[in-house]
Structure formats: structure tokens, C-alpha cells
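**Q** If you scroll down you'll find the structure; I have some questions about it.
The values are calculated or read from the model by the stated rules, or taken from the named source; none is laboratory data. Computed from a predicted structure; not experimentally measured. Note: ideal-geometry Cβ built from the backbone for every residue, glycine included; neighbour counts use all protein chains shown.
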Amino acid sequence: MLSFFQGMFTFYHQGHELSKDFNHYKMELQINIQNTRNRFEGTRSEVEELMNKIRQNPKDHKRASQFTAEGYLYVQEKRPAPFGSSWVKHYCMYRKTAKKFNMIPFEHRSGGKLGDGEVFFLKECTKRYTDSIDRRFCFDIEAADR
């Protein structure tokens, strides 16, 4: 019976010592979690305030751009047999009413300057269905005039 209690006390004593050794990690983690929670609450209140402002006066917050969607896209360009394919960054603008798609290559070497662009009209745009998480935002476009 004595050896049983001695084993139990030793077990709990070692656990207590380990807990003391890792106490500073627990405190640091607790501070990081609290800071993250505070930043999240601040951001959430800002977002809710902006959403309410837009909902109250939707006409005042219309899109200033003439395009339905615009932004940077990575376009997969196929290379000859041994090289495979690569992803090239483009700045793209799309006007839904005319189905007009502007695509301007973005050149990193020239300090972010934009090169000569292409303009074409879309026939079809389909989302790729893949199981891979890194391909979830991929889509294929088919031009009407190509």
C-alpha cells in the first residue's frame, strides 16, 4: 500500500513540476489569444458599422468602376513538352453586360509595370470541379472570337 501511494505522489509531483516548467508558454499563449480576440472584436465592430452604413444608403456606395469585376488573376500558360506549364500574373477587367474581358500581363521584372493587353469577348466561363484545395478558385473561359 505504501509503495502504491509513493508511486501516486511521485506521478503527481512530476506532473506539477512539468506544469511549472511550461507555465511561461501557457502565459504567452494566453496573452496571444487575448490579443487576437481583442483585434477580432475591433475588426468585427468596424465591419458591422460599415455594413450598416452601406445598407442605409446603398446608392451612395455604388461601384465607381465601369467593370463588373476587376483584379489580379494568375493565368496558366502551357509551355512546350519538357517545360510543362507556368502561372503568369495578369490584371483583368470584366464587363458583364457586354461580356468583354480585358487581360493585361503584369511584369514583375519591370517593377510592376503593366504590359500590352488583350481584349476579347467571352462565350462561356465554367468553374473547375476538382478535389484539390489549391484548385478551388480555378475556372476556364472560352472566347467567342478565338
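**Q** Any residue at all in the range 69-85 that's within 30 Å of Leu50 (Cα to Cα), at pLDDT below 85, polar (S, T, N, Q) and within 22 Å of the chain's Cα centre (by Cα)?
**A** No, there is no match, as no residue in the range 69-85 is within 30 Å of Leu50 (Cα to Cα), at pLDDT below 85, polar (S, T, N, Q) and within 22 Å of the chain's Cα centre (by Cα).
**Q** Within the range 78-85, can one find any residue that is surrounded by 10 or more Cβ atoms within 10 Å (Cβ to Cβ) and not hydrophobic (A, V, I, L, M, F, W, C)?
**A** no
**Q** Same structure, new question: Does Met51 qualify as being at pLDDT 85 or above and surrounded by 13 or more Cβ atoms within 10 Å (Cβ to Cβ)?
**A** No: the conditions fail for Met51.
**Q** Of the residues Ile31, Ile104, only one is surrounded by 10 or more Cβ atoms within 10 Å (Cβ to Cβ) and either on the phi > 0 side of the Ramachandran plot or more than 24 Å from the chain's Cα centre (by Cα) (or both); which?
**A** That would be Ile31, the only listed residue that is surrounded by 10 or more Cβ atoms within 10 Å (Cβ to Cβ) and either on the phi > 0 side of the Ramachandran plot or more than 24 Å from the chain's Cα centre (by Cα) (or both).
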